[in-house]
Amino acid sequence: MGLLPEARVGEAFVEASRFRDELYACLTVRGDELFELADAVLCAPGAVHSAVELTLLPEHRRGHGAMYDGLNRGRIDTDRLRQVLACLSLSRFSDGRLVLAVDVSPWLRSDAPCSPDRLFCHVYGRAKTASQFIPGWPYSFVAVLEMGATSWTQILDAVRLGPADDATAVTAAQLRDVVERLIAAGQWRPGDPDIVIVTDAGYDVTRLAWVLQDLPAELVGRVRGDRVMRLPKPPRLPGTNGRPPKHGPEFRFAKPKTWPEPAVTTRTATANYDKAVTQAWDRVHPRLTHRAAWLEHEGELPLIEGTLIRLEVEHLSKDRAAPAVWLWSSKTGAGDADVDRAWQAFLRRFDLEHTFRLFKQTLGWTKPRLREPEAADRWTWLIIAAYTQLRLARPLARDLRHPWEKPSATGRLTPARVRRTFRNLRQHMPCPARAPKPHRPGPGRPPGTRNRRRAPRYDVGKTVRREKTLIALHRSKG
């Protein structure tokens, strides 16, 4: 097991210490309590099962009342914290390119009728085709991906989706803000390769590409296997009369007879899937209509062309059958290297699932039973700040493995193993939180009295009808 250079270890310690000071400055109200609560999340001996149990740790010097007060009445300058996250050292691919991933993870609250702004969140069941819709708070995360097999990402932003929000519009605004912050922080300069943003099939990747076309970003997203797109229009022959066509022939994903010869074909040997074969077609685009997201679009609908990629591997893990995966990239005229980079970046998107699992199962992101969504937002940002400290402390951590665990090389520790040694690292890092002031506890509700103020109940789902929906209903009735 090799050791890291002392210079790198020193730089990592300085950056981690600086981030702790910047984090404390972002906690504007009840900052001491919120800072110690984040430290308690990192120093807990095992998984976090409830927020109140964190107050029993020595890193949390205040009582449980201060914890509730911090989550319910504290304030976090999220704009400043977003800028701090954008200025950190970020992982890049081999060509120096930043690769971002956006995905939604729900905080399920099925037993909280008094909590407002809940939506029906799609949750996969244990069976292959089983799925459920459970009330909760969906959060949209944007993270920086690393190259190679890893369970590390870097969360840059988190936005909670509300009942009146259009998911595509919120995602587009969120991605625009993240890219602009990265440019302002010097993470991207003119002449650098474009930032790659990968999405899953739940996003309208073509619309995101059209909305974000003025940014130095390339959108890569998975599309469903039953889609129908259009090929570029054929060249117009001399002497042809009539209006020139806007679209070419149909490209049906499920009918290979409609596929022309691919412009690019690559074959790559992989460690987990054996041979990966890709076929790419240039300038493939959807045929848009004045419906759904394009209902209020003025003028002629745009022509959003890109590269359609079909990825097929020999097998998945445990020799499972591997159905073909369809990807769409906003880059036209893609070559062999561009196509390989697109599907390899998409496969790294699944690293974000490891981050969500760590948030929920280890750091206790969805464990507190908070009533107000604003309190859930504060807890979410504390979890993001705690996870960021784990990533910054990765070069400083030692492998405190259990006897039944295999040793891991330095720099290859998982987030859970880095968390085991964070309590030892915290002793050498700055702790700007002030000591608590002793005081008497409040009287609370007198024993034997009932609560006279009944908490209001809220409906679940899209309780607010957007203007686009009303216009569509009016047109259908007319």
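The values are calculated or read from the model by the stated rules, or taken from the named source; none is laboratory data. Not measured: the values here are computed from a predicted model. Please note: Cβ atoms are built from the backbone with ideal geometry, for glycine as well, and neighbour counts cover all protein chains shown. When the accessible area is computed, the model is the full protein with side chains, heavy atoms only, and any ligands, DNA or RNA have been set aside. Shrake-Rupley method; radii C 1.70, N 1.55, O 1.52, S 1.80 Å.
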Under a point spin-label approximation (7 Å from Cα along Cα-to-Cβ), what is the ASP79-THR168 distance to one decimal in nm?
2.9
SER17 to LYS257: extension gain in nm, 0.36 nm per residue of separation minus the Cα-Cα distance?
80.4 nm
Given H placed on each backbone N at 1.01 Å, which residues far from LEU108 in sequence or on other chains put an amide H within less than 5 Å of it?
TRP137
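Ranked highest first by the average count of other Cβ atoms within 10 Å around their residues, in what order do 79-88, 382-391, 34-43 fall?
34-43, 382-391, 79-88
Taking 30 Å as R0, compute the FRET efficiency from the Cβ-Cβ separation of ASN241 and THR289 and round it to 0.05.
Efficiency computed from Cβ-Cβ geometry: 0.70.
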Please list 394-400, 261-267 highest first by mean number of surrounding beta-carbon atoms within 10 Å per residue.
394-400, 261-267
Tell me, what is the FRET efficiency for GLU296 and ASP95 to the nearest 0.05, using R0 = 51 angstrom and their Cβ-Cβ distance as r?
0.85
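Work out, step by step, the length gained on full extension between LEU56 and GLU312: first 0.36 nm times the residue separation, then minus their alpha carbon distance; give nm to one decimal. If you can, show how the numbers build up before the last one.
Working: separation 256, 0.36 × 256 = 92.16 nm, distance 5.18 nm.
Here the segment from LEU56 to GLU312 would lengthen by 87.0 nm.
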Largest to smallest accessible area among TYR139, TYR458, TYR203, TYR124 [probe 1.4 Å]:
TYR124, TYR458, TYR203, TYR139
Expressed to two decimals, segment 32-162 has a Cα Rg over Rh, using the Kirkwood radius, of 1.01
In terms of solvent-accessible area of protein heavy atoms at a 1.4 angstrom probe, what is the ranking of ARG97, ARG401, highest value first?
ARG401, ARG97
Extension length gain for HIS49 and MET147 (0.36 nm per residue less Cα distance), in nm, is 32.1 nm
Positive-pole candidate from VAL325, SER131, LEU23, dipole of the chain, charges at beta carbon
SER131
Keeping every protein chain present and rolling a 1.4 Å probe, give me the accessible area per residue for segment 329-378 in Å².
42
Whole-Hz ³J(HN,Hα) from phi, Karplus 6.51 cos²θ - 1.76 cosθ + 1.60, for segment 48-54, glycine and proline x
7, 9, 7, 6, 5, 5, 5
Heavy-atom SASA rank of VAL144, VAL123 (probe 1.4 Å, accessible area, largest first)
VAL123, VAL144
Given backbone amide H placed at 1.01 Å from N, residues whose amide H is under 5 Å from that of VAL264, ignoring those fewer than 5 places away on the same chain, are ALA280
Above-threshold pairs, the threshold being 28 Å between Cα atoms, out of LYS257/LYS331; LYS318/LYS367; LYS275/LYS331; LYS318/LYS406
LYS318/LYS367
What share of all Cα pairs of segment 33-99, in percent, falls into each consecutive 10 Å distance bin?
18, 34, 26, 16, 5, 0
Along Cα→Cβ, 7 Å out, is where each label goes; now give me the distance between the ones at GLU250 and THR421 in nm to one decimal.
6.0
According to a simple spin-label model (label point 7 Å from Cα along Cα-to-Cβ), what is the distance in nm between CYS431 and GLU6?
2.8
Rounded accessible area of VAL228 (nearest 10 Å², 1.4 Å probe):
60
Under 20 Å from the 7 Å Cα→Cβ point of TYR458, by amide nitrogen: which residues of segment 142-159?
158-159
